[in-house]
1. Assigned to a loop (DSSP other than H, G, I, E, B) and not assigned by TED's automatic domain parsing to the domain that holds ARG183: does that describe SER361?
2. Considering only the stretch 211-232, state which residues are surrounded by fewer than 12 Cβ atoms within 10 Å (Cβ to Cβ) and in a strand (DSSP E or B).
3. What number of residues in the stretch 186-204 are crowded, with 18+ Cβ neighbours inside 10 Å and either charged (D, E, K, R) or under 22 Å from THR84 (Cα atoms) (or both)?
4. From the list ILE108, ILE130, ILE189, ILE175, exactly one residue is touching a helix residue (DSSP H, G or I) at 6+ places or on another chain (Cβ under 6 Å), more than 30 Å from ARG400 (Cα to Cα) and either assigned by TED's automatic domain parsing to the domain that holds TYR291 or assigned to a helix (DSSP H, G or I) (or both). Which is it?
5. Which of (1) more than 28 Å from GLU229 (Cβ to Cβ); (2) touching a Lys or Arg at 6+ places or on another chain (Cβ under 9 Å); (3) outside the structural domain of TYR87 (by TED's automatic domain parsing); (4) not hydroxyl-bearing (Ser, Thr, Tyr) is the odd one out, the single condition LEU119 does not satisfy?
6. Among residues belonging to the stretch 375-400 that are buried (at least 20 other Cβ atoms within 10 Å of the Cβ) and closer than 30 Å to GLY191 by Cβ, point out the one that is nearest to the chain's Cα centre (by Cα).
7. Pairs, please: C-beta under 6 Å, at least 6 apart or cross-chain, first residue under 19 Å from ILE42 (Cα atoms) and in the stretch 113-136, second surrounded by fewer than 16 Cβ atoms within 10 Å (Cβ to Cβ) and hydrophobic (A, V, I, L, M, F, W, C)?
8. Out of everything in the stretch 146-176 that is within 19 Å of THR231 (Cα to Cα) and out of contact with any Pro (no Cβ under 9 Å at 6 or more places or on another chain), what residue ends up being surrounded by the most Cβ atoms within 10 Å (Cβ to Cβ)?
Amino acid sequence: MHTRNFTLDNGLKVAIYSAPQFQTVGVSVGVKYGSVDENPRINGAAHYLEHMLFKGTKKRTWKEINEIPRNLGMVRNAFTDKETTTYFLGTYKGYFDKALDLLSDQIINSTFPEKEFELERGPIINENLIYNDSPIYMFYDFLPKALYKKHPARMPIGGDEAAIRRTRMSDILRIYNGHYSPRNMLVSIYGAVGVDKALGAVKRYFGDFEKKYTPQARDRTREKQEHKEITVTKKGIKQTRLGIGFKTRGFGDAGLEEYLAVSVISEILSKRLFDEIREKRGLSYDPRSSYSVYNTFGFVAAAAGIEPAKMDETKDVMLKEFEKLQNGEVTKDEVRKRAHGLSISLLTSREDTLGMALSISEAYLLYGDSTLTERMPELIDKVSLDDIRKYSGKYIDVDRYGLVVLKPKK
């Protein structure tokens, strides 16, 4: 079975992967709108809107929206990202129809009660504080600020407290009315439901949904890599968090070859950092690399939590490992092992029906290809040594890195 793609008469894109061997189904509704589409005045409004779609519809109260999935054992939530907002449900196959009913009701029939809008400021501010209290999460807010001067990627997804307090209902409705259109969405379904049944249900619940949509232009990053360091001190923490990153192109400019190669570069770097920083020197519990790539921007980064006194040594080791890659110091065998390991990891993830529905949604909304998720294991295995050396040399420049240090305030 392969991912099947459809477009309804109202412009809604639908991606269905039928996997009858499972007992569960993952369903998501993704919208091509995120924090990069905001301006600083309303930074966090996309996330605020996400919360409001749980606050009541023409058919259901906020209490029913929360209790029905819980009573049926469903996994339900939503998240806002840099370029997307996604609503999802993971459910037993017998409740697939109910899952689509619930999701479509949220997307199409939300009523945006003014009272709930005001009440929700507190939970949103406190959700942001949870991330701000965690050096791991906080790091990913600050690294884009070290890498970008102008691109909206530098804005945090949740916004800051001042922006949340000045957000108005009119800001929320402007996003909803302008971007929550079937022509700007994808319904993704993965798991124990047949293609015909799934498509029929999507038509039943989303087919009458009509809303005009004018595509919004996004700025693709054209900023050159520069050396910049940001140090943040914070009370109440004992560990220092250190991160080093380099800009890459977004998928819209880079394309598939580069995406695959840098994914493997990140795997190679993670293995090397684990060996050098944790196993050989005992400097950190969790040294790792990550590759974050969206449609308009991307970056590859290394991070580790360390004792404050070990910061300089850890930084030197990180830069040394980046420099090795920059200079092409990698072997064919190393590339093969890391690429194959990533390929197998992607294959095993196919048993997670909700995770796969979300991955298919991301592949379409960010990369324009809903079939990429199923093709990735085979494609990753074909990444070559030449690919690794080409893109390592293109993006890594140890004289121009972005650095973030989060450390305890004395």
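1. Details: assigned to a loop (DSSP other than H, G, I, E, B): no; not assigned by TED's automatic domain parsing to the domain that holds ARG183: yes.
So SER361 fails the test.
2. GLU229, THR231
3. Filtering the stretch 186-204 for residues crowded, with 18+ Cβ neighbours inside 10 Å gives 186-193, 198-199, 201-202.
From the residues that got through so far, the ones that are either charged (D, E, K, R) or under 22 Å from THR84 (Cα atoms) (or both) too are 186-190, 202.
Residues flagged as crowded, with 18+ Cβ neighbours inside 10 Å and either charged (D, E, K, R) or under 22 Å from THR84 (Cα atoms) (or both) within the stretch 186-204 amount to 6.
4. On the way: ILE108 fails: touching a helix residue (DSSP H, G or I) at 6+ places or on another chain (Cβ under 6 Å); ILE130 fails: touching a helix residue (DSSP H, G or I) at 6+ places or on another chain (Cβ under 6 Å); ILE189 fails: either assigned by TED's automatic domain parsing to the domain that holds TYR291 or assigned to a helix (DSSP H, G or I) (or both).
Every option except ILE175 fails the conditions.
5. If we test LEU119 against (1) more than 28 Å from GLU229 (Cβ to Cβ); (2) touching a Lys or Arg at 6+ places or on another chain (Cβ under 9 Å); (3) outside the structural domain of TYR87 (by TED's automatic domain parsing); (4) not hydroxyl-bearing (Ser, Thr, Tyr), just (3) comes out false.
6. Out of the qualifying residues, it is MET376.
7. Within 6 Å, the pairs are PHE117/MET169.
8. The residue in question is LEU147.
The values are calculated or read from the model by the stated rules, or taken from the named source; none is laboratory data. Note that the structure is a prediction, hence the values are computed from the model and not measured. Cβ: placed from backbone, ideal geometry, glycine included. Neighbour counts: every protein chain shown.
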